[in-house]
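Heads up, the thing below is written out as structure tokens.
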Amino acid sequence: MGVSAVLNRGQTMPEKRYKRLKTAEELQRLMQWHYTGLRLPRLGRKLAWVTSGAPVEILRAMGVLVAYPENYGALCGAQHQAVPLCQAAEAQGYSPDLCSYARSSLGSILQPGQAPMNGLPRPDLLIACNNICGTVIKWFEAVARLYNVPLFILDTPFIHDELSSPILDYVLAQLQEMIRFVEGATGNRLSLERLKRVANASNETVRLWSEIRGLCKARPSPLNAPDLFVNMAPIVVLRGTQGAVRFYRHLKAEVEERVSAGVGAIPQEKYRLLWDNIAVWHHLYRFYSYFTDYGACFVVDSYTGGWSQEIPTGDLLQGAATAYAAVFLNQSLEHRAEMMVRLIAEYRVDGFVMHSNRSCKPYSLGQYAIKRAVSERTGVPGLLIESDMCDSRAFAAEPVKTRIQAFMETLSVLHPASSARPVPPNSPTGAGF
Ligand code: SF4
């Protein structure tokens, strides 16, 4: 998984159909600051490459700089640089079936000259947590070999039912082992006081992001899927920093302004949709504009909520074990179906679109079963679209447009006067907007 501040290299949005957020420039600056900061002299600080589900708060509290190859992969996709990088990895024998974040990352190491910013700076250590997928283990093992740097794998057992005590104890023991590993690799010790400060900032970031997403329950929704995807970058790569807290305060204020003024993300919201899976980074604004053309706004998604777990206070290591073991991709299909059913009710969604993402097997396997279950339980229709988050070779625009057209025609039959449907005055989700 991963995200990016993606409005780079002259990429433009279809302005007539899309309102740019005032905070877009601040986001751009923040992400540039992050990537530039990784390249500045580090005054003895070590750099860790980590997966998006790694317990970053512990690393920050230990004075370690962090970089996210998944976010970098998303950036490569959005900047249309992923295909040549994937090809560079494939030329070295990595399978085209491998996740395109992994191939972009490996390609950027093998061919830095072709990569945005010449790739990420060389890491001193690697932390891979398999709470999102098993791919990251083999990917990070390959990176460890290429750079000859130490790798720690944090194993989080899959949660089929509930997060049990044995799983929690197992993950907690590994967090303690991870701390010893980082101590060995960096010479730094963990300060619990500092961990508390970082965890507080992390929790505040998570709260603000959840509140911003919650504001999209308003009709019209102040944000559409591309807004959510672009603005999730700091929750992933800067979680636990004051920079992320500041940014989300500003974004929340702007989104609240939109809600109070009744300003929607798209000109005329007729249909409210839910998105499932990672963004189509290589066609971000163009792809979602296919829906905007029909007055359809993605008011919520299953992806950007992936970073909504606060670290329970008290014993912070125990809290981190709970939060990171319970990442949604580490939970059952039933859990994911239930989450979608809940979001459809809360955000008053008319239809849902699932991205069958060739790269991300854990996210995409089982989508047909989830689609069937969600439609049966809610009566809301769903559409499945095949593509890849970064590798545009797996995307065929015309067949996709045809499927979208058929789906939107179905919605127009089901909701002939969708745009005129009133917000129930006392509805828990509609009240206050
Ligand atoms: S396979 Fe999916 S979860 Fe794993 S790194 Fe790729 S995109 Fe992320």
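Tabulated results
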| item | result |
| --- | --- |
| Top-ranked residue of the stretch 208-247 - restricted to ones that are within 18 Å of the chain's Cα centre (by Cα) and basic (Lys, Arg), ranked as nearest to residue 281 (Cα to Cα) | 213 |
| Leading residue by the ranking (surrounded by the most Cβ atoms within 10 Å (Cβ to Cβ)) among those in the stretch 89-103 that are near the ligand (Cβ under 10 Å from one of its atoms) and either part of a loop (DSSP other than H, G, I, E, B) or of a type in the set (Gly, Ala, Ser) (or both) | 100 |
| Selection within the stretch 17-56 - part of a helix (DSSP H, G or I), closer than 27 Å to residue 190 by Cβ, touching a residue at least 60 places away in the same chain (Cβ under 8 Å) and away from the ligand (no atom under 16 Å from the Cβ) | 30, 33, 34, 35, 38, 39 |
| Members of the stretch 334-357 found to be within 16 Å of the ligand (Cβ to nearest atom) and without any contact (Cβ under 8 Å) to a residue 40 or more places away in the chain, listed by number | 336 |
| Some residue of the stretch 212-229 being over 19 Å from residue 273 (Cα atoms) and in a helix (DSSP H, G or I) | no |
| Of all residues making up the stretch 358-383, the number that are within 15 Å of residue 333 (Cβ to Cβ), outside any loop (DSSP other than H, G, I, E, B) and either touching a strand residue (DSSP E or B) at 6+ places or on another chain (Cβ under 9 Å) or not charged (D, E, K, R) (or both) | 13 |
| Output for the stretch 276-304, where each listed residue is assigned to a strand (DSSP E or B) and either out of contact with any strand residue (DSSP E or B) (no Cβ under 6 Å at 6 or more places or on another chain) or more than 16 Å from the ligand (Cβ to nearest atom) (or both) | 296, 297, 298, 299, 300 |
| Residue list for the stretch 347-376, restricted to those being among the charged types (D, E, K, R) and buried (at least 16 other Cβ atoms within 10 Å of the Cβ) | 348, 350, 358, 371 |
| Lone qualifier among 106, 120 - being in a loop (DSSP other than H, G, I, E, B), within 16 Å of the ligand (Cβ to nearest atom) and modelled with pLDDT of 95 or more | 120 |
| Matching residues, the stretch 63-84, being in a loop (DSSP other than H, G, I, E, B) and either crowded, with 24+ Cβ neighbours inside 10 Å or under 15 Å from the mean Cα position of the chain (by Cα) (or both) | 68 |
| Test: residue in the stretch 162-169 that is touching a helix residue (DSSP H, G or I) at 6+ places or on another chain (Cβ under 9 Å) and assigned to a loop (DSSP other than H, G, I, E, B) | yes |
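The values are calculated or read from the model by the stated rules, or taken from the named source; none is laboratory data. Owing to the predicted nature of the structure, the values given are computational and were not obtained by experimental measurement. All Cβ positions, even for glycine, are placed from backbone atoms using ideal geometry, and neighbour counts span all protein chains on display.
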